[in-house]
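What follows is calculated from the coordinates using simple rules that are stated; it is not laboratory data. Treat the numbers as computed from the prediction; the structure is a model and nothing was measured. Positions of Cβ are backbone-derived with ideal geometry, glycine not excepted, and every protein chain shown enters the neighbour counts.
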Amino acid sequence: MFDNFIILMIFVNSMALAIYDYNDRDNTSYFNKQLEKLGLLFSIVFTIEAVVKIIAMGFVVHKNSYLRDTWNWLDFVVVCIGFIELFPIIPAANLKSLRTLRVLRPLKSINAFPSMRRLIGSLLASLPSLANAVVFMLFIFLLFGILGVQQFKGIFYQRCRLTDKPIMVDGIATKWEIDEDVERLCTIDGSGAFTCPRNKLPGNEGKEFCGSIRPDWPTIPFDSEDTINQELIMYGIIHFDDLITGIIAIFQMITLEGWTTIMYNMGDATQTWMAVCFCVLLVIIGSFFLLNVVLAVIMDAFDDVDKNHAIEEERQAKEILELKELYEIVDTEEDVPEEENKEGSIVIDQDPLEDSNIQNVSGLEIKSVKQENQI
């Protein structure tokens, strides 16, 4: 009953944190003021929970005490933060930061649900085994990243242009007008799948202009291309101009998020077969193999934790059974049975010393009787 009540309080506290108006950090609105009072109630409830557990289990000295369980550390920190907020000497700026730590309260549910504790324990137990998988994954990322930089550097800026060369100011290229009617990347050397349509501007009729500002024209700023608003090239985030950004692009592709768009863009701008082989091979190795290896490691750790949990439960059940048998033996020895003699009278078990004394007295009485008869 007590645990169910605490779980209910955690749920209600989570709902209160969700509906809190975070635009009103100073709690000037009536709604936030009421939620602030409700937060004080939650602090009191969680404090009572901690106090009850400390009284029942001890604080830190005993091996099974409150703080010896690492899962109780978070609960204790939440309780301490709730009381620190009540101190009037804390400045308002620091108080706002402490209120932010209230988001830790829903994490108390980890300690409330044993199954969730086992799940988190499985994730933590899998970290050493995941190290080998992560190293192998980084090696694959590095391999494909180097290949991507070598083959696809600068192709995401290959666009159909209105002129054959950029606008020059004092011999420095400042801008190269894009043909806004064409929403695809183009090929410069003809190896790609898309070629720019013939120009219709006066003086350039029938000509095809496809160009890239990188790496040929490094003086042209990206702002002139408006790359951050170009959905076609994913707002300039995904490209293979350098190794770090290329690894980020690879990570996105193995999540299967927009990888076909990247493949089509690369196929339009450069050799199509190379783009298809690169992307499909990356998806097969990265998404269907590497990510499943990570999941397999986690599942293996989860199975180990479940086995250990089952062994521990079996050990505890065996200890409880042994204790019950021991208590039954002790109770049997303490209860003195009453036996009835042959004549129906009750004979009470006596101390062995008392029995010997009685026998000695009886022997003396028999001897005295025999002597009287002889006289």
Legend entry - Among 151, 178, 220 - extreme Cα towards positive end, dipole of region 130-291, charges at beta-carbon: 151
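Where does each of 154-165, 300-311 land if you order them by average Cβ count within 10 Å, highest first?
Details: 154-165: 20.2, 300-311: 13.9.
Going from most to least packed, we get 154-165, 300-311.
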Inset, instruction - Just need log10 I(q)/I(0) for region 130-291 at q = 0.17, 0.19, 0.20 Å⁻¹, Debye formula, equal scatterers on the alpha-carbon atoms, no solvent, rounded to two decimals. - result: -0.99, -1.17, -1.27
Legend entry - Relative contact order (%) - criterion: Cα under 8 Å, at least six apart; region: region 130-291: 29
Legend entry - Built amide H within the under 5 Å cut-off of residue 175, gap 5+: 167
Legend entry - Relative packing of 62-74, 137-149, which averages over residues the other C-beta atoms within 10 Å, highest first: 137-149, 62-74
Legend entry - Size of electric dipole in region 2-112: Cβ of Lys, Arg +1 and of Asp, Glu -1, about Cα centre, debye, nearest 20: 160
Inset, instruction - Hey, can you grab everything whose amide H is under 5 Å from the amide H of residue 210? Only 5+ residues off in sequence or another chain; H modelled, so Pro and N-termini drop out. - result: 161
Legend entry - Cβ-based charge dipole, region 2-112, positive-most Cα from 62, 23, 78: 62
Legend entry - Rg over Rh [alpha-carbon atoms, Kirkwood Rh] for region 2-112: 1.00
Legend entry - Inter-probe distance in nm under a simple model that places probes 7 Å from Cα toward Cβ, at residue 222 and residue 54: 5.3
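I need the semi-axes of the equivalent ellipsoid of region 20-175: take the C-alpha gyration tensor, multiply each eigenvalue by 5, square-root it, list largest first in whole angstrom.
They are 52, 30, 13 Å, listed from largest to smallest.
Set the bar at 24 Å for Cα to Cα. Now go through 53/108; 53/307; 53/318; 53/324; 165/207; 108/318 and name every pair that lies beyond it.
Over 24 Å Cα-Cα: 53/307; 53/318; 53/324; 108/318.
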Legend entry - Largest-first principal axis extents, alpha carbons of region 1-54, Å: 37, 17, 13
Inset, instruction - May I ask you to order 174-181, 237-244 by the average number of other C-beta atoms within 10 Å around their residues, highest value first? - result: 237-244, 174-181
